[in-house]
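**Q** Sharing a structure below in C-alpha cells format, with a few things to ask.
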Amino acid sequence: DAKTTQPPSMDCAEGRAANLPCNHSTISGNEYVYWYRQIHSQGPQYIIHGLKNNETNEMASLIITEDRKSSTLILPHATLRDTAVYYCIVRVDSGSARQLTFGSGTQLTVLP
Amino acid sequence: NAGVTQTPKFQVLKTGQSMTLQCAQDMNHEYMSWYRQDPGMGLRLIHYSVGAGITDQGEVPNGYNVSRSTTEDFPLRLLSAAPSQTSVYFCASSSDRGRNEKLFFGSGTQLSVL
C-alpha cells in the first residue's frame with residue numbers, strides 16, 4: 001500500500017493561500033490521491049482528488065508532480081473556518097474494499 | 001438533506017455490555033463503511049458493505065459485527081464491550097465505485113467503555 005507523509009502542523013494567515021504538501025513516493029500508476037479534512041472531531045469531509053492532472057474545484061486546487069511522488073493541496077484564500085486536520089490519502093483497492101488509509105494528517109491553523 | 005445520520009452521539013458502556021451503533025443514509029448509496037478513530041490517530045476501517053446483504057471485514061474487525069439488510073441502514077454491533085473499544089466511530093457511504101468516488105461521513109459516535 002502506498003503511504004503518505006505530511007507535516008504534522010502548519011500555520012497560515014487569514015486571506016493568504018495555504019499550501020499543504022504530501023509525499024507519496026510509492027504510489028502506483030492507478031492509485032488516486034485524495035484529500036479530506038476533519039474539523040474539530042466532526043466527520044471527515046471530502047475536498048478533492050486526482051490521478052495525474054492538476055484539479056480544481058470550488059474548495060481547493062490539487063497539484064500533482066509529474067512523477068506523482070508528491071502533491072500539494074492549495075486553499076487559495078484561507079479563512080478561520082479552514083482550521084482543520086487535512087488528510088492526504090492514496091486510495092487503495094483491496095478486492096472490493098475501497099479502503100481509505102488515513103494517516104495522522106496536517107493540523108492547519110489559520111491565524112487572524 | 002440528512003446525508004449520513006449516526007445515533008447515538010455519545011454512549012457510555014460498562015465492560016461486557018453490548019450495544020448497536022446506528023447508521024442510516026438517505027442518498028441511496030451502495031457502499032457503506034465503519035471507521036474508528038482513536039486520539040491523535042487517523043481513521044481505521046472496521047467493516048464495510050458494497051450492497052444490501054453483503055458485508056466484509058476491514059482492518060480492525062475483531063469485537064464488532066455488522067449486517068446490511070437494507071440499502072439505507074448499516075448498524076455496527078459491539079457484542080461484549082471492552083475498554084479498548086473506547087473511540088469515536090464514524091460511518092461513511094458513497095455511491096460511485098469508480099474514479100469519482102467521494103465518501104460522505106456521519107458526525108460520529110463517541111463511545112466510552114468503563
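The numbers here are math on the coordinates, done by the rules we state, and not lab data. Computed from a predicted structure; not experimentally measured. We place every Cβ from the backbone using ideal geometry, glycine too, and count neighbours over all the protein chains shown.
**Q** Place the peptides B:82-88, B:44-50 in order of packing, highest mean first, counting for every residue the other Cβ atoms within 10 Å and averaging per peptide.
**A** The peptides rank, most packed first, as B:44-50, B:82-88.
**Q** Across chain B, what fraction of all alpha-carbon pairs, as a whole percent, falls in each successive 5 Å bin from zero upward?
**A** In order of increasing distance, the bins hold 2, 13, 24, 26, 19, 10, 4, 1, 0 percent.
**Q** With springs connecting C-alpha atoms under 10 Å apart, model chain B as a Gaussian network and identify which of B:Gly53, B:Gly40, B:Gly16 has the largest mean-square fluctuation.
**A** B:Gly40
**Q** For A:Lys69, go through the lysines and keep the ones whose alpha-carbon is under 30 Å away, minus same-chain ones fewer than eight residues off.
**A** Result set, ordered by chain and number: A:Lys3, A:Lys52, B:Lys102.
**Q** Sorted by average packing, counted as other Cβ atoms within 10 angstrom per residue and highest first, what order do B:101-111, B:17-27 take?
**A** Sorting B:101-111, B:17-27 by mean packing, highest first, produces B:101-111, B:17-27.
**Q** So, one more: With viscosity set to 0.692 mPa s at 37 °C, what whole-number translational diffusion coefficient in µm²/s follows for chain A from Stokes-Einstein and a Kirkwood radius over Cα pairs?
**A** 233 µm²/s
**Q** Run through all the Cα pairs of the protein assembly as shown and give the fraction in each 10 Å bin from 0, expressed as whole percent.
**A** For the protein assembly as shown, the pair-distance distribution reads 8, 33, 34, 20, 5, 0.
**Q** Please compute the average number of Cβ atoms from other chains found within 10 Å of each residue's Cβ in peptide A:44-54.
**A** 3
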